[in-house]
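K.L.:
Handing you this structure, nothing more for now.
The values are calculated or read from the model by the stated rules, or taken from the named source; none is laboratory data. The structure displayed is predicted, hence computed values, not measured ones. Here the Cβ positions follow ideal geometry from the backbone for every residue, glycine too, while neighbour counts run over all protein chains shown. Side chains included, ligands, DNA and RNA excluded: accessible areas come from the protein's heavy atoms. Shrake-Rupley method; radii C 1.70, N 1.55, O 1.52, S 1.80 Å.
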Amino acid sequence: MMVETMTHKKIGLYVISIALLFVFIFVLKVNVPICYGEGCEFIGISELLKINVVPIICLVCLLWAFFEYKKFRFDLQGSTNIPFKIKKIEGVNYEHLTFLATYVIPLVSFNFDSERYLILLGVLLVVMGIIYIKTDLFYANPSLALFGFHIYKVDGSFKNKEERDGIILISLSKLSNSDNVSYIKIDERIYYAEKVTK
């Protein structure tokens, strides 16, 4: 049950991460005919929907991403584990840009007028999602960066003097060495964290 919940969270974060792709495709493909002057008439809802199938799919996916983001923020308000102390910290915010430049931007160059390319895009997004989840890359999320989240790689000192290295923290707080942070596990080594203020 716990594994299933973690997988759902990862899928949600993947959908959020490709939200920018849906925005880009929507802007490229939306087609609303505009006519001024005499003889202009509305082409009709069915025709408008027919010429905007791809943008409509993008809007549905954006609504899904928005729902997942709201769910993610709601989940973060849940109970947290006992705080731990950061012993070593490294900012890895560049991971946001790496994901955007490597995976999202190249997909915008697809030929969206070809059914074959649209099928290929769908297959690519599914395959990318599987890789993204299985390799725990779901934290490298450009959409979360737009909302002010930071990514850190830390070593931490937990209760009972347990030391853990190479933890990835996603946080709205700006964190530094020796900060105490409360956290919620997203995965075994990836946590959402907030700075504990006294």
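K.L.:
With respect to Ser109, determine if the residue is surrounded by fewer than 13 Cβ atoms within 10 Å (Cβ to Cβ), small (Gly, Ala, Ser) and more than 17 Å from the chain's Cα centre (by Cα).
P.N.:
Judged against the criteria, Ser109 is a match.
A quick yes/no check of all residues on (1) in contact (Cβ under 8 Å) with a residue 60 or more places away in the chain; (2) hydroxyl-bearing (Ser, Thr, Tyr); (3) out of contact with any helix residue (DSSP H, G or I) (no Cβ under 8 Å at 6 or more places or on another chain):
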position	(1), (2), (3)
Val127	no, no, yes
Leu144	yes, no, no
Phe147	yes, no, no
Gly156	yes, no, yes
Lys161	no, no, yes
Ile168	yes, no, no
Leu172	no, no, yes
Ser176	yes, yes, yes
Ser182	yes, yes, yes
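K.L.:
While we're on this one: Just to verify a result, which residue in region 136-146, among those that are buried (at least 22 other Cβ atoms within 10 Å of the Cβ) and part of a loop (DSSP other than H, G, I, E, B), is nearest to the chain's Cα centre (by Cα)?
P.N.:
Asn141
K.L.:
Okay, next question. Listed residues Lys10, Lys87; which is within 23 Å of the chain's Cα centre (by Cα) and of a type in the set (Lys, Arg)?
P.N.:
Of the residues listed, the single one that is within 23 Å of the chain's Cα centre (by Cα) and of a type in the set (Lys, Arg) is Lys10.
K.L.:
Oh, and also: I'd like the residue in region 147-157 that is open to solvent by less than 80 Å² (accessible area, probe 1.4 Å) and hydrophobic (A, V, I, L, M, F, W, C) and, out of all such residues, is nearest to Lys70 (Cα to Cα). Quick ask: steps written out before the conclusion?
P.N.:
Taking region 147-157 first, the residues open to solvent by less than 80 Å² (accessible area, probe 1.4 Å) are 148-152, 154-157.
Still in the list and also hydrophobic (A, V, I, L, M, F, W, C): 149, 151, 154.
Numbers: Phe149: 14, Ile151: 19, Val154: 26 Å.
This residue is Phe149.
K.L.:
Anything in region 158-198 that is open to solvent by 10 Å² or more (accessible area, probe 1.4 Å) and among the hydroxyl-bearing types (Ser, Thr, Tyr)? List them, or say none.
P.N.:
Answer for region 158-198, where residues must be open to solvent by 10 Å² or more (accessible area, probe 1.4 Å) and among the hydroxyl-bearing types (Ser, Thr, Tyr): Ser173, Ser176, Ser178, Ser182, Tyr183, Tyr192, Thr197.
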